[in-house]
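Q: Here you go, one structure.
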Amino acid sequence: MKKLFFYILLGSLMASCGTALQPVNESNVPPPPPPVSDVPKPDPTKDQVTMVFPNISKMTSVQKTIEFLAADELQGRNTGSQGIEIAAQFIEARFKNSGVSSYFDSYRDNFTAKGEDAFNIVGVVEGNDPTLKEEIIIIGAHYDHIGNAKPVGDDVIANGANDNAAGTTAVLALADHFAKAKSNKRTIIFTLYSAEEKGLLGSKHLAKRLKVENITPYVMFNIEMIGVPMKAKDHLVYISGYDLSNMPEKFNEYAGEKVIGFLPKAKEFNLFRRSDNYPFYQEFGIPAHTISSFDFTNFDHYHAVGDEADKMDIAFMENVIGKLIPGLERMANTASQEIKMN
């Protein structure tokens, strides 16, 4: 039944743009589409966000979102693959359905990654204050993964549920919230990056493009691997570059509890420079950090075929997302820029 649900959604995804699709029932279920590797790339001249998801209202939950993004049929979402094309179209449809506008002429920010066509997906919820809306908060995560990994039995697909369908799921949930609430005085750009696994290429491209456009970013808040809880900690997530700005302190103040903490391993392994926050720090010199709950002891499937949706702690993810909202709302609404580099 789970497989059938995926094929129904995938079939609707690949339908021609502008075609009115009827709700699926047992009498009009289409035959399964061909394997992902045989699906032709959609015509790049067409507006992909006009694709209709008849089931989109049922796909906004944390569990359904991560199950879709980490499904075998997406083949590990390697940059340039058919699987990441499907993931991108799903993200675009979620943005459109939620009322998140495209930041550029379309949701796609195109670039080339080691010879492969690649694209970040970029949406925006404009701030409602005539002055503060020029100060931009960037919320991001990478949605690509590595494709295949060392086989275990007959399984070669590195599904990338924790890395980083989990972070992508959180960004989509936050975008849903802010697009509906319209509570942010500052503008929020929601960014999903491709080619992170190839050397942060997507975030590097977008940071440089935004620099050329002369935007005024306030902070960059990146989300990576939040699928399982840390062990024996008094906080939900840690933050990379903990001592480089006052973001952890201010965020916890805004949230009214200790959501973000310090992980010594994050400093030991210099995680600040190893995720999509770093290019924004390089280009703009702003507080730019990644939050995560991967603590090097609580998940054994990094870049492996075992990184599957059924290993994610959905209740924990929902709790993290819920705790992020008040902190981000205060961040988007304080009269002055209280978050600063140390």
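Q: What are the residues in segment 137-149 that are of a type outside the set (Ser, Thr, Tyr) and either surrounded by fewer than 22 Cβ atoms within 10 Å (Cβ to Cβ) or farther than 27 Å from Asn333 by Cα (or both), if any?
A: Scanning segment 137-149 gives Asp144, His145, Ile146, Gly147, Asn148, Ala149.
Q: Let me ask you something else. What is the number of the single condition among (1) part of a helix (DSSP H, G or I); (2) under 21 Å from the mean Cα position of the chain (by Cα) that Gly306 does not meet?
A: The one condition Gly306 does not meet is (1).
Q: Any chance you could count how many residues in segment 174-202 are out of contact with any Leu (no Cβ under 7 Å at 6 or more places or on another chain), buried (at least 20 other Cβ atoms within 10 Å of the Cβ), of a type in the set (Ser, Thr, Tyr) and over 15 Å from Thr112 (Cβ atoms)?
A: Total satisfying the criteria: 1.
Q: Of Leu271, Leu206, which residue is aliphatic (A, V, I, L, M) and more than 20 Å from Gly123 (Cβ to Cβ)?
A: Numbers: Leu206 fails: more than 20 Å from Gly123 (Cβ to Cβ).
Result: Leu271 is the single residue among Leu271, Leu206 that is aliphatic (A, V, I, L, M) and more than 20 Å from Gly123 (Cβ to Cβ).
Q: What are the residue pairs meeting all of these: first residue in segment 81-103, first residue without any contact (Cβ under 8 Å) to a residue 40 or more places away in the chain, second residue hydrophobic (A, V, I, L, M, F, W, C), Cβ atoms under 6 Å, and 6 or more apart or on different chains?
A: Pairs that qualify, where the first residue is without any contact (Cβ under 8 Å) to a residue 40 or more places away in the chain and the partner is hydrophobic (A, V, I, L, M, F, W, C), are Ser101/Val124.
Q: Search segment 260-271 for residues that are over 23 Å from Ile325 (Cβ atoms) and pair each with any residue that is of a type in the set (Gly, Ala, Ser) when their beta-carbon atoms are under 7 Å apart and the residues are at least 6 apart or on different chains.
A: Matching pairs, first to second residue: Ala266/Ser240; Leu271/Ser240.
Q: Could you count how many residues in segment 116-132 are in contact (Cβ under 8 Å) with a residue 24 or more places away in the chain and either among the acidic types (Asp, Glu) or over 21 Å from His289 (Cα atoms) (or both)? Reasoning before the result, please.
A: Within segment 116-132, the subset in contact (Cβ under 8 Å) with a residue 24 or more places away in the chain is 116-129, 132.
Imposing the further condition that a residue be either among the acidic types (Asp, Glu) or over 21 Å from His289 (Cα atoms) (or both) reduces the set to 116-119, 126-129, 132.
Qualifying residue count for the region: 9.
Q: Further, regarding this structure: Could you figure out which of (1) surrounded by fewer than 24 Cβ atoms within 10 Å (Cβ to Cβ); (2) farther than 25 Å from Gly306 by Cα; (3) among the hydrophobic types (A, V, I, L, M, F, W, C); (4) under 21 Å from the mean Cα position of the chain (by Cα) isn't true of Leu271?
A: So Leu271 meets the others, but not (2).
Q: Ser240 versus (1) within 26 Å of Asn78 (Cβ to Cβ); (2) surrounded by fewer than 20 Cβ atoms within 10 Å (Cβ to Cβ): which is the lone unmet condition?
A: For Ser240, the failing item is (2).
Q: Out of (1) touching a Pro at 6+ places or on another chain (Cβ under 9 Å); (2) under 18 Å from Ala141 (Cβ atoms); (3) touching a residue at least 60 places away in the same chain (Cβ under 8 Å), the odd one out for Val237 is which?
A: It fails just one condition, (1).
Q: Residues in segment 329-336: is at least one in a helix (DSSP H, G or I) and of a type in the set (A, V, I, L, M)?
A: Within segment 329-336, the first condition is being in a helix (DSSP H, G or I), and the residues that meet it are 329-331.
Filter once more, keeping what is of a type in the set (A, V, I, L, M): 331.
Yes, that holds for at least one residue.
Quick note: the coordinates plus some simple rules give every number you see, no bench work behind them. These figures come from a predicted structure and were not determined experimentally. Cβ atoms come from the backbone with ideal geometry, glycine included; neighbour counts cover every protein chain shown.
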